[in-house]
Amino acid sequence: MKIPRIKLKYYKETRYIIKKKMNYKSIMQVPKLTKICINQGIGSAVSDKKLIKIAIEEITAITGQKAIATKSKTSISNFKLRENMKIGVKVTLRRNKMYEFFDRLVTISLPRVRDFKGIGINGFDGNGNYNLGVKEQIIFPEIKINKINKLTGMNITFVTSAKNNKESYELLNELGMPFKKK
């Protein structure tokens, strides 16, 4: 089995660069990427059940791992939403699939965004995680533009073992995340 390029980069280069930058005593203190969660909410799925099936197929094609439908927790009459109704899709990537997805996102998909100048640094949550919103699923090469009937966005969460925003920023920046220059 082939080891992903970003995983090799992390273990051979990135850990040592971050250890030196952040003045860690041990290489084991260096934060690492633990998982990537992709979530897509589909509000119009209340009226059209086929949209969930289409979204599952799209997210599965993008990530290479089977996505599952998410259900509503409560009923909201104004939105015609009932409890346990399918309203979204999610997938959690770990290990090699996580690194492969990260590599494809950074090198292929994000540069396909129109007028791309880098991603903002405001997506950190204070606990070492980073949230990235993608407005259109067509930035991924796995999605065929002529087969989609509706543009939908998604939220991508990078969960790290970092304790704060600075550690998380250093990790993602060294792995190749194209942040906007300060």
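Please treat every number below as a calculation from the coordinates, not as lab data. Since the structure is predicted, the reported quantities are computational estimates derived from the model, not experimental observations. Don't worry about glycine lacking a Cβ; one is built from the backbone with ideal geometry, like all the others, and counts go over all protein chains shown.
So the values come out like this:
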| read-out | value |
| --- | --- |
| Charge dipole magnitude, Cβ of K and R +1, D and E -1 - the chain, Cα centre, debye nearest 20 | 340 debye |
| Percentage relative contact order, the chain, counting C-alpha pairs under 8 Å, at least six apart | 28 percent |
| Using a Förster distance of 35 Å, the FRET efficiency for LEU8-THR157 (Cβ separation, nearest 0.05) | 0.90 |
| Where labels lie 7 Å past Cα in the beta-carbon direction, separation of ASN23 and LYS66 in nm | 5.0 nm |
| P(r), alpha carbons of the chain - 10 Å bins starting at zero, rounded % | 9, 33, 33, 18, 6, 1 |
| Positive minus negative residues near ARG94 (Lys, Arg vs Asp, Glu; Cβ under 13 Å) | +4 |
| Principal-axis tilt of helix 165-175 within the chain, Cα atoms, nearest 10 degrees | 90 degrees |
| Cβ-based net charge around ALA69, under 9 Å, with every Lys or Arg adding one and every Asp or Glu removing one | +4 |
| Extreme residue, positive dipole direction of the chain, given options ILE87, MET154, TYR16 (C-beta unit charges) | TYR16 |
| In degrees, nearest ten, helix 50-63 long axis to first principal axis of the chain (Cα) | 20 degrees |
| Greater than 22 Å apart at Cα, pairs in LYS19/LYS97; LYS35/LYS86; LYS50/LYS71 | LYS19/LYS97; LYS35/LYS86 |
